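The values are calculated or read from the model by the stated rules, or taken from the named source; none is laboratory data. Bear in mind the structure is a predicted one, so any value in this text is a computation, not a measurement. In this analysis, Cβ positions are derived from the backbone assuming ideal geometry, glycine residues included, and neighbour counts consider all displayed protein chains.
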Amino acid sequence: MQTNSEEIIPLPLNFKTHANFNLENYKDLQASFQQDYLGTWAKLAQEELFWHKDFLQTLDDSEKPFYKWFPDGETNISYNCLDIHLKDRGEKAALIFEDEAGESEAFSYKVLHARVCEFTAYLKNLGVKKGDRVCIYMSLCPEAIIAMHACTRIGAIHSVVFAGFAAHALKDRIDELSAKILITQNGFYRRGKMVNLLEVATEAISGNSPIEDLLIFKRVKEPLSLQSSLKIQIHDVERELKNLVHLAIKNLNLSTHEVPEQTPEWLSGNDTSFILYTSGSTGKPKGIEHNTAGYLLWAKLTSKWVFDLKDEDVYWCTADIGWITGHSYVAYGPLANGATVFIYEGAPNFPEADRYWALIEKYKINIFYTAPTAIRSFQAWGLEYIEKHDLSSLRLLGSVGEPIGTETWKWFYQNIGKSKCPIVDTWWQTETGGIMISTLPGVNYMIPGTAGPALPGISAEINPEGLLHISKPWPSMLKGVYKNPDRYIKGYWTTIPDSYLPGDLADIYAEGYIKIGGRNDDVINVSGHRLGTAEIETALAKHQTVNESAVIAIPHAIKGEGIVAFVVLKQGLMNSTDSQQSHGSTEERERILKEHVANEIGAHAKPERIIICEALPKTRSGKVMRRLLKDIAQDRLPEGDLSTLEDKDVVAKLLAVAKLKR
């Protein structure tokens, strides 16, 4: 496909001149990959990572698609992110943190390393060792990142659970992992109200639970409130770690302070570093396993190439550590490059809708990486909030989580970047570990709404049906699906032989520019959060009144996609078509079901609408016709062939019910 030359936006000349990765580097690396694919990956791994034991084998593909990268080498993620910087960057800011109340804290690489070492010792004293699963249920705060690094330092496998998930979702992950440690906090503030994480955490581990120790960071002043029935060890981390470095941070001179040195556990390049759950097209979320060396190599390289990280930059990725973006581009990739990373624990519109712009001005943020959902919210809130602040420190913008759309891209470029900042519109997934498709800000021109070419070393192709697939293994790829090898094979490797299938439709322009379309499976992308339709349907089915349901996605101006659920109640219960049912009680029933989904999965999964109906439109074989539901949910008359419908009258009934809801 060709593109209109008017859509092309060239890179600023001064940016190209000083970029880390220029056109000459790009051409040389592309040629190197073409000539010796594995040899090039080996060279990059040797140059970019510290190896305690050199690897001799780059890729073991003897049991494909269970690929093993750098399996006989030994390294450690935390060591590569922290220890290697102590000599030259020890006094440089590694993390800058601000909470919603405006309290801030800064951590040099030396201080961050000290806190990680101290928490590592604490975990070891509890018996945590290599291979143990540790669940982290925390907000985006320094202690969460410290906990992640302490786990990788030991070789324990961390699984971070987004702090917006409900107790049931947390419990499911803990149980499947057989996690022995749960690390949480007593709460944090969101839009001025305290979120009681401890209450959710204790609910998740009440009853039969594999958790042996509950570790609590005291992030808010409220006293700890715990269920007395919990038959596990409960630890107030700040109270028990009497020498915890951050308690004396303002008076601490780390040049003379005794820091408990914690030699890292040296891991095989293929050892699992973390497991992160993501939604799929079946009801149960998938535990995506990532390796150690290949994952960090790609997180480091893409951070350096795509964000053009400079030593003086202050970099802000707004993603939570509960998602893969918060792993690769907050906790690990930028730190591996010795960057200064800013993190904010709070809402973008509290106390006013200019909070992000105030933070950019205050901390002189240079690189701003956020989601299209947030950008669309900025649009809706208005330019007056932006114009109050000096955003001249910005030099690069980024988008992540879903396709940004042409008009949103242009708004972001013109109003936030003042038509001077390149935008990197990145495509990747939890499963890929790092960015796969994007323009490089020192190399490629930009096309609004189009991600760009595949990055060097990534073999992205599109088959005749429009399915995006990756035809060669790459270092940061998922190792598998935890405890479910069949799901890994069937879900990613069977549609196109020897190719990884991410499940996205795409189109390709001249010069290899790729435009990402919609999903080809039943996954809804809400504000960059992937949710399986079956996962939401499973949650609805747990409510005592629900017989069956069908969940679909509709376009949403802010979130990208919104959730609509069509629900059939159990026989004998009045539904919205009963003459005795009042409009108010129908609304109450819908409210209860929405809250039920939020309690089962999390607030981000709450449907925009629930439409209670007599029956779902099914084919004679029993398959729900979701395209028909999509039309009805958007007030469109269903089109196309409806001859396979078992009950032709169901369409009219659904239309009547759906319009009644307006």
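Couple of notes before you dig in:
- Only residues that are within 18 Å of M436 (Cα to Cα) and surrounded by fewer than 18 Cβ atoms within 10 Å (Cβ to Cβ) were counted in the stretch 520-539, giving 0.
- No other residue among K27, K87 is within 27 Å of N463 (Cα to Cα), assigned by TED's automatic domain parsing to the domain that holds I458, basic (K, R) and not in a loop (DSSP other than H, G, I, E, B) apart from K27.
- Look at (1) over 28 Å from the mean Cα position of the chain (by Cα); (2) assigned to a loop (DSSP other than H, G, I, E, B); (3) surrounded by fewer than 20 Cβ atoms within 10 Å (Cβ to Cβ) and you find that P71 fails only one, number (1).
- Of the residues in the stretch 431-438, at least one is in a strand (DSSP E or B), assigned by TED's automatic domain parsing to the domain that holds E361 and surrounded by 24 or more Cβ atoms within 10 Å (Cβ to Cβ).
- Residues that are among the hydrophobic types (A, V, I, L, M, F, W, C), assigned to a helix (DSSP H, G or I) and over 19 Å from E143 (Cα atoms) within the stretch 199-220 comprise A204, I205, listed in sequence order.
- Note on the stretch 439-455: among residues that are among the β-branched types (V, I, T) and not in a strand (DSSP E or B), the one that is nearest to the chain's Cα centre (by Cα) is T439.
- Qualifying residue in the stretch 533-542 (condition: over 19 Å from G401 (Cα atoms) and assigned to a loop (DSSP other than H, G, I, E, B)): yes
- Residue selected from the stretch 174-198 under the condition in a helix (DSSP H, G or I) and modelled with pLDDT of 95 or more, by the criterion surrounded by the fewest Cβ atoms within 10 Å (Cβ to Cβ): D175
- Hits in the stretch 62-82 (condition: without any contact (Cβ under 8 Å) to a residue 24 or more places away in the chain and among the polar types (S, T, N, Q)): S62
- If you go through the stretch 102-126 and keep only what is assigned to a helix (DSSP H, G or I) and of a type in the set (D, E), you end up with just E118.
- Residue, nearest to G333 (Cα to Cα), within the stretch 127-163, restricted to residues that are basic (K, R) and assigned to a loop (DSSP other than H, G, I, E, B): K130
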